[in-house]
1. Cβ neighbours within 10 Å, averaged per peptide: list 138-144, 126-132, 87-93 in order, most packed at the top.
2. Which ³J(HN,Hα) values in Hz, rounded to whole numbers, follow from the phi angles of segment 113-130 under the Karplus curve 6.51 cos²θ - 1.76 cosθ + 1.60, where θ = phi - 60° and Gly and Pro get x?
3. Between residue 213 and residues 5 or more places away or on another chain, which pairs have amide H atoms under 5 Å apart, with H built 1.01 Å from N, and which residues are they?
4. Can you list the HN-Hα couplings for segment 186-199, worked out from phi with the Karplus curve (6.51, -1.76, 1.60; θ = phi - 60°), rounded to whole Hz and with x for Gly and Pro?
5. So what's the back-of-envelope 222 nm ellipticity for the chain, counting only DSSP H runs of four-plus at -39500 (n - 2.57) apiece and dividing by all residues, rounded to 500?
6. Specify the angular offset, from 0 to 90 degrees and rounded to the nearest 10, of the alpha carbon long axis of helix 265-285 from the longest principal axis of the alpha carbons in the chain.
7. In whole angstrom, how far apart do the alpha carbon centroids of segment 278-336 and segment 193-225 sit?
8. For residue 191, tell me the accessible area in Å² from a 1.4 Å probe, rounded to the nearest 10.
Amino acid sequence: MRYLAFLLLLADWAAATGAAQVSKAQSHVAAAKAAAYEPGQDFTLIFDLCKQPKPGSLEARFPRPPEAPPLEPGAARKIPPRSNWYTDPMKVFDNLYYVGGSKENNMNVWAVTTSEGIILINAGWDFTVEELVVNGLKKLGLDPAQIKYVILNEPKLEIYGGSKFLQDRYKARIVLSEADWDMIAKSNLPTDFKPRKDMVATDGQKLKLGDLTVTLYVTPGHTPGTVSLLISPLKDGNQKHVGSMFGGRGPGYEGWDGVKYYPTEREGMAAWSASAKRFKSIAEAAGADVFLSAHDNWDKTSDKLNALKFRKPGDPHPLVSRSAVSRYQTVISECMDAHLAWRSNE
C-alpha cells in the first residue's frame, strides 16, 4: 500500500514538474515572438526555431537548405542555373557593398572597403564567387585584387566554397576559428573545395586594415567555432555606424558533411543560447546599430536592399536599427531556452 502511494506521489510530482517545464518553455516562446518582428526588421523565420520538438534528429528539424547542390563522393555536381543565384551588386554604405547572392541562392557576401584594401565577409559558393564577388566588385569600380582578408563565419560550403579561389588567385588571407578549420579538415568534401588553413580567429581579436577595424568573437553553438563580428565604422555620409553579424541561425548537433559538432543536441542548444546572450551584450556595449546577415532569408536582406534603392535624402537607412541587433540574438536565445525546457525531463 505504501509502495502504491509512493508511486502515485511520484507520478503527481512528475506531472507537476512536466507542466512547469512546459509553462517555462511557453514563456520563452512568448519572449522570442515579441522580439521577432518590427516593420522593416523581420526575424520571423528565425522564430521558426521555437517550434516544439517532434521525434527525429535535430538535422531533420533544422534541415540543410534545399538550394545546396549535392557534393557526394562520386556524384555528379549539379550547378543551379545562373538565374537562381545571380543578383546585381550594390553599394550599401559608403564603405560597405553587397556582392551576392539572391533570395533563391540565400547567400549574402559583404565587401568592406578600407584605405588599405578590402575585407570580404564570407565567400559564397565555389560556383558563384567569380561572377558575384570578382565581377561584382569590378562593376562597382573596385579591384578584387585588393581583397586582403576573407572572414568566414562557419565551415559550410555555401560560406567558404569560394574562398579557395580567392586564396589562389589573389593571395587573400582566409580567417576562420581553430575549431571550424578542424571541421573543414574533417569533412568528407573533396580537398579541391577546401582552402589551405590560414589565419586562426581568436575571441576578441581585432583585425585592423587601414581606417577600419573588425573585432572577431568565437561564438560556438551553430558550429563548434562559429565566428561573429563587429565592424567599425560603417560610413553613411557624415554618419558613422557599427555593424554586427552574429554568425549563424540554428544550433548545430549532427553537423553537415560527415562531421558531428556536439555529443548531444542539448549541448549544442545550450552552447548556442549562451553565445547568443553573450554576443547580444557585446554588440549592445559596442553601440552596434546595423544588423548584417549571412543569409537573405534570416532578415529578408533583399527587401532592405530594395528599400535602399528608393531612399530619399534625409530618410533613415533601411539597415540601421539598434533594436534589430539585439532582437536577433534574443529570438535565438529564447528559442533555445524553450527547447532546453522542453527537454529537461528527457
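1. My ranking of the peptides, most packed first, is 126-132, 87-93, 138-144.
2. These are the phi-based 3J(HN,Hα) values: 9, 9, 6, 10, x, 10, 10, 9, 9, 6, 10, x, 5, 4, 8, 10, 4, 5 Hz.
3. So residue 213 has HN proximity to 232.
4. Once θ is set to phi - 60°, the couplings for segment 186-199 become 7, 5, 8, 6, x, 4, 4, 9, 9, x, 5, 4, 10, 6 Hz.
5. -11000 deg cm²/dmol
6. Tilt relative to the chain: about 50 degrees.
7. First find each Cα centre; the distance between them is then 20 Å.
8. Using a 1.4 Å probe on the heavy atoms, I get roughly 100 Å².
The values are calculated or read from the model by the stated rules, or taken from the named source; none is laboratory data. Everything numeric in this text was worked out from a predicted model, so none of it was measured. In this analysis, Cβ positions are derived from the backbone assuming ideal geometry, glycine residues included, and neighbour counts consider all displayed protein chains. Surface accessibility is based on the protein's heavy atoms, side chains included, excluding ligands, DNA and RNA. Shrake-Rupley method; radii C 1.70, N 1.55, O 1.52, S 1.80 Å.
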